[in-house]
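Peer 1: Structure in structure tokens, see below.
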Amino acid sequence: DYLGLCVRVLITGASGYLGSRLLSKINKKKYSVFGVSLNGKGITKSYNLTSVVSITKMIRRSNPDCIIHCAGFVPTEQSGYKDSKKNMSNEIMTRNLLELTSCPVLYISSMTVYGGSHSGPFNEYLACFPETAYAQSKLDGERIIKGDGRGGFAVRIPGLFGLPRRSGLVHNLLMAAKNKADFYFPDTPILWSGMHVEDAADAILNLLPKINGRFTEVNVGYSGKLSLTTLVDTVNELYRTDIRVELEYPYFEFDLSRYKNLTSAALPNFRDSIEKAGAEIDK
């Protein structure tokens, strides 16, 4: 393995939804971990990755052997996916990290880089046709790192769900099922797939010791075809509800062969992840 047994790992966006999970789950006996975030929340240190001065201080202090790069603008509503100015910060942060380091990068990317022009399953060899500014910023980040010639992974993940997030399609649908309430679906046939944030963090950390000198795209998600319709059918089965979908929503399917070949790790299944998310809400 490229990283060896004892390395210094810098996690950016470490107070965020995914970054905080990675920070709590990483094996601190094996890795020396330095977590940073814009707000310095919790046990993270505050640094602004869009500032060269700030990021220079961060690199001097952390001296990383590897970076897990989670930091970035994440849209909280549909309009955010189209906001080119806000999404530009993703590229700025990535370029700053590359300018001041030479270590491998495990870059958190997105299923959205593929676009919707292919019927799937989506594998890493396919050409990408991002359809939003957010998706383009994620793909640009992948290309910038690969062009820099360093090792690592671009980890392409679906949308995430699970506590402490109490919003989004999965949470809201589960609440509707539990309360026997109405649920209002998107009025356009959106392409959707999801993964529990705990499962995503575990999968990403499985990749960490597999980094080598080549930068490689890797899909991480659940097996099989998923869609908003699949989500509703699963929730109806678990809660014996009869929530109905009016539109025909497209399916998304990852080809997970590369992840499985790299890690030999089994990924959980979608149904169990929805059941887990529902049980969390009751705690």
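Peer 1: Has the stretch 199-209 got at least one residue that is without any contact (Cβ under 8 Å) to a residue 12 or more places away in the chain and farther than 30 Å from ARG240 by Cα?
Peer 2: no
Peer 1: Now for a separate question. Condition first: in contact with a strand residue (DSSP E or B) (Cβ under 7 Å, 6 or more places away or on another chain), crowded, with 21+ Cβ neighbours inside 10 Å and not hydrophobic (A, V, I, L, M, F, W, C). Now tell me which residues in the stretch 159-209 satisfy that.
Peer 2: GLY162, SER193, GLY194, HIS196
Peer 1: Okay, moving on. Would you please name the residue that is farthest from PRO121 (Cα to Cα), looking only at residues in the stretch 235-276 that are surrounded by fewer than 20 Cβ atoms within 10 Å (Cβ to Cβ) and among the polar types (S, T, N, Q)?
Peer 2: This residue is THR241.
Peer 1: Which of the following residues is more than 22 Å from LEU49 (Cα to Cα), in a helix (DSSP H, G or I) and at pLDDT below 90: SER89, SER79?
Peer 2: Of the residues listed, the single one that is more than 22 Å from LEU49 (Cα to Cα), in a helix (DSSP H, G or I) and at pLDDT below 90 is SER79.
Peer 1: If I ask for residues that are part of a loop (DSSP other than H, G, I, E, B), touching a helix residue (DSSP H, G or I) at 6+ places or on another chain (Cβ under 7 Å) and surrounded by fewer than 21 Cβ atoms within 10 Å (Cβ to Cβ), which ones from the stretch 1-25 would you list?
Peer 2: If the condition is that a residue be part of a loop (DSSP other than H, G, I, E, B), touching a helix residue (DSSP H, G or I) at 6+ places or on another chain (Cβ under 7 Å) and surrounded by fewer than 21 Cβ atoms within 10 Å (Cβ to Cβ), then ASP1, LEU3 are the ones that fit.
Peer 1: Among the residues of the stretch 223-232, is there at least one that is under 21 Å from the mean Cα position of the chain (by Cα) and under 22 Å from SER24 (Cβ atoms)?
Peer 2: Within the stretch 223-232, none of the residues are under 21 Å from the mean Cα position of the chain (by Cα) and under 22 Å from SER24 (Cβ atoms).
Peer 1: Take the residues in the stretch 143-157 that are touching a helix residue (DSSP H, G or I) at 6+ places or on another chain (Cβ under 7 Å) and open to solvent by less than 40 Å² (accessible area, probe 1.4 Å), then tell me which one is farthest from GLY116 (Cα to Cα).
Peer 2: Restricting to residues being touching a helix residue (DSSP H, G or I) at 6+ places or on another chain (Cβ under 7 Å) and open to solvent by less than 40 Å² (accessible area, probe 1.4 Å), the top hit is GLY152.
Peer 1: Let me ask something else about it. For residues that are touching a Lys or Arg at 6+ places or on another chain (Cβ under 6 Å) and touching a residue at least 60 places away in the same chain (Cβ under 8 Å), scanning just the stretch 210-242, find the one that is farthest from MET175 (Cα to Cα).
Peer 2: If we take residues in the stretch 210-242 being touching a Lys or Arg at 6+ places or on another chain (Cβ under 6 Å) and touching a residue at least 60 places away in the same chain (Cβ under 8 Å), then PHE215 is farthest from MET175 (Cα to Cα).
Peer 1: So which of ASP202, ASP187 ends up being of a type in the set (Asp, Glu) and in a loop (DSSP other than H, G, I, E, B)?
Peer 2: The match here is ASP187.
Peer 1: Would you call ASN212 open to solvent by 30 Å² or more (accessible area, probe 1.4 Å), closer than 26 Å to HIS118 by Cβ and either assigned to a helix (DSSP H, G or I) or of a type in the set (S, T, N, Q) (or both)?
Peer 2: Considered against the rule, which asks whether it is open to solvent by 30 Å² or more (accessible area, probe 1.4 Å), closer than 26 Å to HIS118 by Cβ and either assigned to a helix (DSSP H, G or I) or of a type in the set (S, T, N, Q) (or both), ASN212 comes out as no.
Peer 1: So, in the stretch 226-283, exactly how many residues are of a type outside the set (A, V, I, L, M, F, W, C) and assigned to a loop (DSSP other than H, G, I, E, B)?
Peer 2: Total satisfying the criteria: 17.
Peer 1: OK, next. Mind listing just one residue for me: the one in the stretch 110-128 that is among the polar types (S, T, N, Q) and under 20 Å from LEU160 (Cβ atoms) and, of those, farthest from the chain's Cα centre (by Cα)?
Peer 2: Among those residues, the one meeting the criterion is THR112.
Peer 1: A further question on this structure: Just one of (1) in contact with a Leu (Cβ under 6 Å, 6 or more places away or on another chain); (2) farther than 18 Å from HIS118 by Cα trips up TYR249, so point out which.
Peer 2: Every condition holds for TYR249 apart from (2).
The values are calculated or read from the model by the stated rules, or taken from the named source; none is laboratory data. This is a predicted model, so every value here is computed, not measured. No Cβ is skipped: glycine too gets one built from the backbone with ideal geometry, and neighbour counts run over all protein chains shown. Side chains are part of the model used for accessible areas, which takes the heavy atoms of the whole protein and leaves out ligands, DNA and RNA. Shrake-Rupley method; radii C 1.70, N 1.55, O 1.52, S 1.80 Å.
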